[in-house]
1. Would you point out the residue of the range 41-64, among those that are in contact (Cβ under 8 Å) with a residue 40 or more places away in the chain and part of a helix (DSSP H, G or I), that is surrounded by the most Cβ atoms within 10 Å (Cβ to Cβ)?
2. Test residue 27 against the stated conditions and say whether it is touching a helix residue (DSSP H, G or I) at 6+ places or on another chain (Cβ under 6 Å), in contact (Cβ under 8 Å) with a residue 40 or more places away in the chain and in the same structural domain as residue 350 (by TED's automatic domain parsing).
3. List the pairs whose first member sits in the range 278-293 and is under 11 Å from residue 236 (Cβ atoms), whose second member is part of a helix (DSSP H, G or I), and whose Cβ atoms are under 6 Å apart, counting only residues at least 6 apart or on separate chains?
4. Determine whether the range 375-383 contains at least one residue that is assigned by TED's automatic domain parsing to the domain that holds residue 82 and either at pLDDT below 95 or not in a helix (DSSP H, G or I) (or both).
5. For residues that are more than 24 Å from residue 146 (Cβ to Cβ) and outside any helix (DSSP H, G or I), scanning just the range 15-40, find the one that is nearest to the chain's Cα centre (by Cα).
6. Among 365, 369, which is the only one that is under 25 Å from residue 35 (Cβ atoms), assigned to a loop (DSSP other than H, G, I, E, B) and touching a strand residue (DSSP E or B) at 6+ places or on another chain (Cβ under 8 Å)?
7. Would you confirm whether or not the range 134-148 contains a residue that is within 23 Å of residue 27 (Cβ to Cβ), in contact with a strand residue (DSSP E or B) (Cβ under 6 Å, 6 or more places away or on another chain), assigned by TED's automatic domain parsing to the domain that holds residue 173 and in contact (Cβ under 8 Å) with a residue 60 or more places away in the chain?
8. Does residue 86 satisfy the criteria of being more than 25 Å from the chain's Cα centre (by Cα), farther than 26 Å from residue 370 by Cα and buried (at least 17 other Cβ atoms within 10 Å of the Cβ)?
């Protein structure tokens, strides 16, 4: 293998007892960088995210997104014959990731304390809703519930008591998956120095609260929290969507007084507005946003969205189209940067976005999405089990 073909995690093996999104999203990032990821799934059923929908040629959109480049091993981890199999896997592994129900791994003898005694170099990453201590330790947690507990819903949606809206993607799961991923990379670096593995305890709540830093500090020491502002910004204005005369929306954002002056002069053609006492600072513009919005909408009503965007571009004012998912698949910027690749799957080839962040040193792994148990026989053979034993495991429901 030439240096140009080396990837950062080549030679690293990850064993994962995972389902849904947080842990699978984490381990997919590791697979992108070259790690071998062995995904353990329940025999006959598998990761329940496989059944969320059938939008990708009959496969689940969630599963296709988070599980490419992995090997699927079906194993009933509660069955007695599964224990030596799991021990053999973990003996050779570098990382063990799990997001089972709270307390499940401890009952299986797979806590960090149990594993570290047997496999001192193993890095163990536990992902849960609330962490491995505290009064919420054993509470079940789903993405929406963490969005609620973490305060996200209080800041997102339309104004008013009934205006709350969840994020349109699994933001709490994604944040937990990404912090698990970066913590595992850090743990691998630390192991190079110490020679020992370590324990990573990832709380979905804590991950999302970290992302809530701005509204948290905005409400510091009892100050009024930021109000829900729809697609607008709670404290910067104008910053959000405005409707043009053709009914299409333009998303724009102003960040400073220089841009405000250019906006008044070149976009609105109302230079006198720059000196209006109601709008002479961002705080005042935000406080008087209803008045300012009416003025902006009146001007935009005389233009198409394309004309408004052109004025904004000419004024060096940041703006964007309001795209739906079909627009994103066809986005000219993504197309020009060759952002789309294809990966195999049980239903044939499917389009897939490349991982964010491009390296000049290597290309990411873009291998197929596995069928349930696709690699069970080959992994067991690799561990030394012969065909008759493997068939026996299958007959007994162990695999």
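1. Ranking the candidates gives 63 first.
2. no
3. Between residues of the range 278-293 that are under 11 Å from residue 236 (Cβ atoms) and residues that are part of a helix (DSSP H, G or I), the close pairs are 285/279; 285/292.
4. Among the residues of the range 375-383, at least one is assigned by TED's automatic domain parsing to the domain that holds residue 82 and either at pLDDT below 95 or not in a helix (DSSP H, G or I) (or both), which makes the answer yes.
5. 33
6. After ruling out the rest, the residue left standing is 369.
7. There is no residue in the range 134-148 that is within 23 Å of residue 27 (Cβ to Cβ), in contact with a strand residue (DSSP E or B) (Cβ under 6 Å, 6 or more places away or on another chain), assigned by TED's automatic domain parsing to the domain that holds residue 173 and in contact (Cβ under 8 Å) with a residue 60 or more places away in the chain.
8. no
The values are calculated or read from the model by the stated rules, or taken from the named source; none is laboratory data. Bear in mind the structure is a predicted one, so any value in this text is a computation, not a measurement. When we count neighbours, we look across all protein chains shown, and the Cβ atoms used for this are built from the backbone with ideal geometry, even at glycine.
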